[in-house]
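To start, the structure under review is shown below, and the notes come after it.
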Amino acid sequence: MANRKYSKHLVDGPLQAASRSMLRGAGFTSEDFKKPFVGIASTGAKVTPCNMHINDLA
C-alpha cells in the first residue's frame with residue numbers, strides 16, 4: 001500500500017465516514033481510498049488587488 005501519511009487522516013476510520021461518503025459522491029472508488037491524495041487550491045480572486053495575480057501564478 002502506498003504511503004498515505006496525510007490523506008489517511010481524511011478518510012480512514014469510522015469517524016471519517018462522512019468524508020468518504022462525500023468523496024464517493026464525487027466519484028471516488030474503494031481503490032482510490034488506498035492511494036495518497038493531493039489537493040490543489042487557488043485563492044485567486046479579482047475582488048482585491050492583493051490576490052488578482054494568484055490565478056496567473058496557478
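Overview of results
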| item | result |
| --- | --- |
| Criterion violated by S19 - all others in (1) assigned to a loop (DSSP other than H, G, I, E, B); (2) out of contact with any Pro (no Cβ under 9 Å at 6 or more places or on another chain); (3) at pLDDT 80 or above satisfied | (1) |
| Residue match in segment 34-44 (condition: surrounded by 10 or more Cβ atoms within 10 Å (Cβ to Cβ), part of a loop (DSSP other than H, G, I, E, B), without any contact (Cβ under 8 Å) to a residue 24 or more places away in the chain and not β-branched (V, I, T)) | yes |
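The values are calculated or read from the model by the stated rules, or taken from the named source; none is laboratory data. On a predicted model such as this, the values are computed, not experimentally measured, just so you know. All Cβ positions, glycine included, derive from the backbone under ideal geometry; neighbour counts span all protein chains shown.
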